[in-house]
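We did not get these values from a lab; they are worked out from the coordinates using the rules stated. Worth saying up front: this structure is predicted, and the values here are computed from it rather than measured. Because the Cβ atoms are built from the backbone with ideal geometry, glycine has one as well, and the counts that use them run over all protein chains shown.
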Amino acid sequence: MDVREKLNILSAAAKYDVSCTSSGSRRSAPPRGLGDACPAGICHTWSSDGRCISLLKILLSNACKYDCAYCANRRSNDIPRATFTPKEVIDLTLEFYRRNYIEGLFLSSAVVGSPDATMERLVKVVKELRTVHRFGGYIHLKSIPGASEKLLHEAGLYADRTSVNIEVPSERSLTYLAPEKNYASVYAPMNYFAERKIEYGGSRGRYTPNFLPAGQSTQMIVGASGETDFQILTLSAGFYRQQRLKRVYFSGYVPVNADKRLPALTTKPPLLREHRLYQADWLMRFYKFDYDEILDAKHPNLDLNLDPKAGWALRHPEFFPVDLQTADYEMILRVPGIGVKSAQLIVSSRRYCKIRLETLKKMGVVLKRAKYFIYHPDIPAGVRQFYPEMIRPLLLAPSKTQQLDLFDSTPLLLPSAPATTNSLPSVFPSTNVIPAKAGISLPKPHLLAAG
Ligand code: SF4
């Protein structure tokens, strides 16, 4: 199999891993080196299906020894398999970078052989890119659960960001859907990186390594198991606090395998739920909300018809209306229709003058939402009365825009391999290709997760 064929298979295999933002890195070009993530940052572009494509985003291998129910790379699926050598990945990265196709690399892998064997190959790629080729571009490297601390340490020295995917939002469901995985092996690399970040972050001496400058992230699949949004947000909040993750990504479950443990194949990806979770995540990261303010045991799921901030405001009429002339910054942030920048502008300008409605509009406040939640003498008295049951239908006014469908409406069913094909190679052979079952031509592979 030539490199082009491998690239087709392994770039498609990485498509549904969404934990790949490239922001936050401050690595500058080494002397006489190549690439620089610092001055230009990494430009994000988005493919037609909404995913980031500014990085060369590939798997090192999709020949996985595990059999996670939700993943198209699982060993029991009869799909084309391929594995890059480290040199092939290095050459591709450098050539693509020189042609200005990419600004960095997102490298993940299925588990081939053992976690350490896989991680060793991944680390070899980044280490050679940095030390031999003096590559200064952005690198996001997946960490393989179960890999040794020595390899994790090397990954942290050379990559900008790393991620290890938790995949399923509860250990019980993970054990059910991916019996060969457990939470301990996923938390171990996260905890290791978090501790090293603290250790190296304290002193910025000349010889202190620039350890994972863009931090860590993870991804959760939403809708493959029965966890509530409250459970998902609780887990996310824990990652932000304890493991100091930069981002938690949510990936609406895309059915690719016929498996009785999973929702039916006719199920559509829960994209609206994914979107609401991202909004709630935003509230936790930028609006000073705690996860248990957004949801609680009585309200375990986000309202799909209403954004989480408006939902919180309607459940807490005791805080409204808010007088923008006197309220705390934190309270202004909680008003639906007011963003971080607008709240800052309100606080900095109200010292000098009374804030007019026109000024609020210029500050970016969405008045058609905010007017129900703020006190302002120019807002008619009828609107100023805060009755949640009356406001809710007004906020639900039908939208003229429709969310684009990221996926084909018909789910793809990947063929299962006959029982004999689960003896995948235990090490990396030079051409470890398992041919697709005769007579089955796969449409574009819908692959979900790796590592
Ligand atoms: S999720 Fe990762 S470990 Fe599980 S089957 Fe897919 S590639 Fe293998």
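A few comments on the model shown:
- Checked against a 18 Å cut-off, the cross-linked pairs 150/197; 127/150; 341/362; 309/354; 288/309; 142/181 give Cα-Cα distances beyond that limit for 309/354.
- For residue 245, the residues 5 or more places off, or on other chains, whose built amide H falls under 5 Å of its own are 240.
- For residue 139, distant residues with modelled amide H under 5 Å away: 105, 160, 161
- Loop-located chymotrypsin sites (Phe, Trp or Tyr not before Pro) in the range 310-398 (DSSP state not H, G, I, E or B) with no more than 11 neighbouring Cβ atoms inside 10 Å: 352.
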